[in-house]
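Chemist: Before I ask anything, here is the structure I am working with.
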Amino acid sequence: MSTVDFETAVKQEEEYLRRVHPTADDIPGCMKLFDDFLSCNIVGSQVKSLYRYGQMSGCSPKLEDFKFCMSIKGLHPERKRDMWIRRRAEWWAARRLGKSSEDVWDIRTEPLQNFPPARPAVASVSDNTIE
């Protein structure tokens, strides 16, 4: 389990996203987000999701991303970038701190005792004589 609180995780994610998206031109545009939403709804994506997870894809988060983009469309590009980075950082932080299918192992704090095990001695070939 992570010892990082949500706000710390958000700040870490924001720092990372600011390096990945250094200018306002680096964040996705509304048309790209709309295309992502439409791609989620096509038959091929839905069949793949049904096969992999046993259920249809939930595309509402992609629609919410598009609607958020449209709501900040009129802002100054730097302000728009800041808001987009904050939203994505919160999403990544929640995902990082929440439960995941990868949460199957407990983190080991001490090494295993006697691991790897010692190998037994191997008899040499010269011990076998042929008569």
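The values are calculated or read from the model by the stated rules, or taken from the named source; none is laboratory data. Everything numeric in this text was worked out from a predicted model, so none of it was measured. FYI the Cβ positions are ideal-geometry reconstructions off the backbone, even for glycines, and counts take in every protein chain you see. These area figures cover heavy atoms from the full protein model, side chains too; ligands, DNA and RNA do not enter into them. Shrake-Rupley method; radii C 1.70, N 1.55, O 1.52, S 1.80 Å.
Chemist: Can you pull the one-decimal nm distance between simple spin-label points at Arg19 and Lys67, each 7 Å off the Cα toward Cβ?
Modeler: 3.4 nm
Chemist: Below 19 Å Cα-Cα, how many Lys pairs turn up in the range 6-99? Only count pairs eight or more apart in sequence, or on different chains, if you could.
Modeler: So the count of such lysine pairs works out to 9.
Chemist: Shifting gears a bit: Just to verify a number: FRET efficiency for Asn41 and Arg119, C-beta to C-beta distance, R0 = 41 Å, to 0.05?
Modeler: On the way: r = 57 Å, r/R0 = 1.38.
For R0 = 41 Å, the calculated efficiency reads 0.10.
Chemist: Tell me the accessible surface of Phe66 in square angstrom (1.4 angstrom probe, heavy atoms of protein chains only), to the nearest ten.
Modeler: Spelled out: Phe66, probe radius 1.4 Å, area about 40 Å².
Chemist: What is the gain in length, in nm to one decimal, between Arg86 and Gln55 on full extension, counting 0.36 nm per residue of separation less the C-alpha to C-alpha distance? Write down the numbers at each step before the final one.
Modeler: Numbers: separation 31, 0.36 × 31 = 11.16 nm, distance 3.02 nm.
Result: 8.1 nm gained on full extension.
Chemist: Computed FRET efficiency, Cβ-Cβ of Glu78 and Glu7, R0 22 Å: what is it to the nearest 0.05?
Modeler: Once rounded, the FRET efficiency stands at 0.45.
Chemist: Also, I was wondering about something else. For Thr8, tell me the accessible area in Å² from a 1.4 Å probe, rounded to the nearest 10.
Modeler: Accessible area, nearest 10 Å²: 60 Å².
Chemist: If you count only protein heavy atoms and use a 1.4 Å probe, how large is the accessible surface of Ser39, to the nearest 10 Å²?
Modeler: Rounded to the nearest 10, the figure is 60 Å².
Chemist: Does anyone have the angle between helix 60-71 and the longest principal axis of the chain? Alpha-carbon axes, 0 to 90°, nearest 10?
Modeler: Taking Cα atoms only, the helix is inclined about 40 degrees.
Chemist: Give the residue list of trypsin sites (Lys or Arg not before Pro) in the range 1-88 that are DSSP loop and have at most 16 other beta-carbon atoms within 10 angstrom.
Modeler: Qualifying residues, ordered by number: Lys73.
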